[in-house]
Amino acid sequence: MTVFQMPENWFWMVGEDESRFWSSAAGAYVTDLPEAAGFTHILNEDELTDVLAAYGLLGPVVRVPDRVSPAQAEIALFNFDNGGLLANVNAVIEAFPYEPVRIWWRKATYISRGHAYLQALAIEVGLTDEQVDDLFVAAAKL
């Protein structure tokens, strides 16, 4: 009888690299398979990440989400440095001379990575594009 393993408990050989296997359970590469473990061959890390994402699992390619909820964004800002960045962002927004920016921050149903107000805010508080990406990735995990 064939037993189907769920993707969250599976191993994947990516490309032609036989020296390591992606473990869905560990969310990382492993060099040794458990006894009697099977694996699926998959073309590349992008394809594997797409397959796993359909099951809510993380793959080897870190993708920056296009948007996060305001709650996720604020918690990620708080977690960045135990509240300092969030306080700075809130102070900058409150002092911003353009009312639509304040409305956007208070009322948005989501915060979009590519939004012009976010870009301006990041510059204002001194965040690099890489730091903003990292904050979005962290926020999406909440």
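Since every read-out is calculated from the coordinates, none of them should be taken as a lab result. Everything numeric here is computed off the predicted structure, so don't read it as measured data. Positions of Cβ are generated from backbone atoms using ideal geometry, with glycine treated the same way; all protein chains shown enter the neighbour counts.
Numbers below:
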{"read-out": "Stokes-Einstein diffusion coefficient of segment 67-140, Kirkwood radius over Cα pairs, 37 °C, 0.692 mPa s, in µm²/s", "value": "270 µm²/s"}
{"read-out": "Options Thr109, Asn82, Ser69, ranked by Cα towards positive dipole end of segment 67-140, top entry (Cβ charges)", "value": "Thr109"}
{"read-out": "Estimated vicinal HN-Hα couplings, Hz - segment 76-87 in sequence order (Karplus 6.51, -1.76, 1.60; Gly, Pro = x)", "value": "4, 5, 4, 5, 4, 8, 6, x, x, 5, 4, 4"}
{"read-out": "Between helix 129-140 and the chain: long-axis angle, C-alpha atoms, 0 to 90°, nearest 10", "value": "70 degrees"}
{"read-out": "20 Å cut-off, amide nitrogen to a point 7 angstrom out along Leu142 Cα→Cβ, residues in segment 74-99", "value": "74-94"}
{"read-out": "Cα extents of segment 2-43 along the three principal axes, largest first (Å)", "value": "26, 18, 18"}
{"read-out": "Neighbour-limited loop hits for trypsin sites (Lys or Arg not before Pro), segment 18-110 (at most 16 other Cβ within 10 Å; DSSP other than H, G, I, E, B)", "value": "Arg20, Arg63"}
{"read-out": "Within the chain, longest stretch clear of exposed chymotrypsin sites (Phe, Trp or Tyr not before Pro) (DSSP loop, no more than 16 other Cβ within 10 Å)", "value": "56-97"}
{"read-out": "Directionally averaged projected area (convex hull, Cα atoms, the chain), nm²", "value": "10.9 nm²"}
{"read-out": "For segment 68-142 versus segment 14-64, the gap between their alpha-carbon centres in whole angstrom", "value": "32 Å"}
{"read-out": "CD proxy at 222 nm, helix term only [per DSSP H run n ≥ 4: -39500 (n - 2.57); per residue of the chain; nearest 500]", "value": "-13500 deg cm²/dmol"}
{"read-out": "Low-density loop cleavage sites - GluC sites (Glu not before Pro) in segment 1-108, where at most 15 other Cβ are within 10 Å (DSSP)", "value": "Glu16, Glu18, Glu35"}
